[in-house]
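Okay, structure first, notes after.
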Amino acid sequence: MKHISLIGALGLAALMGACSTDGAKWNINGTINGLTDSDVVVLEGSNQGRWYTIDTIKTDADGKFNYSHAPQGYPDIYRLRTAGKALYFPIDSIESVTITATAPDIATNHTLSGSPQAENLFRVDSLLSASASTMGVDGVVTDENLKRRLGQMLLADPAGIVTYYIISKKVDGKPLFNPSVQLDNRLIGA
């Protein structure tokens, strides 16, 4: 009977060890060019649209950085903020995302790579920037061509983290997809 209890205890310990995170983390690395010694880069997470500080990120003299964090267990959107501008990136599990940006306007002057979600989110930001440059910031929320292209992305992965980013995106304080607009509401519902 003692042997059975000992075997059971050892089995439970092995199971608990197998379920631990064993130090697995997600990682962001890259370069932010154009930072000064006084610029602070802040990593923020979102709690239902309310941004909170996770940590500050130190860059070297060339703007290079590397940061790791324990996974949350679900995909989420994070952002790096400096000089009043922010760039957004998705993290799903324990992946690595590479960010290259140029300050001061990291919001429109950056690239993301390292995962399909990061590349898709970068594609969304690129489409938004292109629309803003041709139609002005106010015209982005009424750009039907943009919304059609983003709608195709929504329908390609309706449960993905980039879809959440698109649906909840605001441009100059206005929702990109507004539930009171018929076409927008159909895409949101899909």
Quiz item: Can you tell me which residue in the stretch 23-76 is farthest from the chain's Cα centre (by Cα), limited to those that are under 16 Å from Y88 (Cβ atoms) and of a type in the set (G, A, S)?
Solution: G30
Quiz item: Among the residues of the stretch 106-160, how many are under 17 Å from the mean Cα position of the chain (by Cα), more than 17 Å from D76 (Cα to Cα) and not hydroxyl-bearing (S, T, Y)?
Solution: 9
Quiz item: Considering only residues of the stretch 98-111 that are part of a strand (DSSP E or B) and touching a residue at least 24 places away in the same chain (Cβ under 8 Å), which is farthest from I54 (Cα to Cα)?
Solution: T102
Quiz item: Can you pull out the residues in the stretch 161-175 that are farther than 21 Å from P116 by Cβ, surrounded by 13 or more Cβ atoms within 10 Å (Cβ to Cβ) and within 17 Å of the chain's Cα centre (by Cα)?
Solution: V171
Self-check item: Which numbered condition W26 fails, given (1) of a type in the set (A, V, I, L, M, F, W, C); (2) open to solvent by 90 Å² or more (accessible area, probe 1.4 Å); (3) under 15 Å from T98 (Cβ atoms)
Solution: (2)
Practice problem: Could you tell me whether any residue of the stretch 122-145 is more than 22 Å from S46 (Cβ to Cβ), acidic (D, E) and open to solvent by less than 80 Å² (accessible area, probe 1.4 Å)? | Solution: yes
Exercise. Would you kindly identify the strands (runs of 3 or more DSSP E) lying entirely within the stretch 19-97 that contain at least 1 residues that are touching a residue at least 60 places away in the same chain (Cβ under 8 Å) and either at positive phi or not charged (D, E, K, R) (or both)?
Key: 26-33, 76-82, 85-91
Quiz prompt | Subset of the stretch 67-82 [open to solvent by 70 Å² or more (accessible area, probe 1.4 Å) and under 17 Å from I106 (Cβ atoms)] | solution = R81
Practice problem: Within the stretch 97-110, identify whether any single residue is open to solvent by 60 Å² or more (accessible area, probe 1.4 Å) and touching a helix residue (DSSP H, G or I) at 6+ places or on another chain (Cβ under 6 Å), and answer yes or no. | Solution: yes
Exercise. Kindly list, by first and then second residue, each pair from a residue in the stretch 143-171 that is touching a residue at least 24 places away in the same chain (Cβ under 8 Å) to a residue that is hydroxyl-bearing (S, T, Y) and outside any helix (DSSP H, G or I), limited to pairs with Cβ atoms under 7 Å and residues at least 6 apart or on different chains.
Key: Y165/Y88
Quiz item: Failed condition for Q152, given (1) open to solvent by 90 Å² or more (accessible area, probe 1.4 Å); (2) farther than 23 Å from P116 by Cα, with all others met?
Solution: (2)
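The values are calculated or read from the model by the stated rules, or taken from the named source; none is laboratory data. Keep in mind it's a predicted model, so treat the numbers as computed, not measured. Neighbour counts are summed over all protein chains in view; Cβ atoms, including those assigned to glycine, are modelled from backbone coordinates with ideal geometry. These area figures cover heavy atoms from the full protein model, side chains too; ligands, DNA and RNA do not enter into them. Shrake-Rupley method; radii C 1.70, N 1.55, O 1.52, S 1.80 Å.
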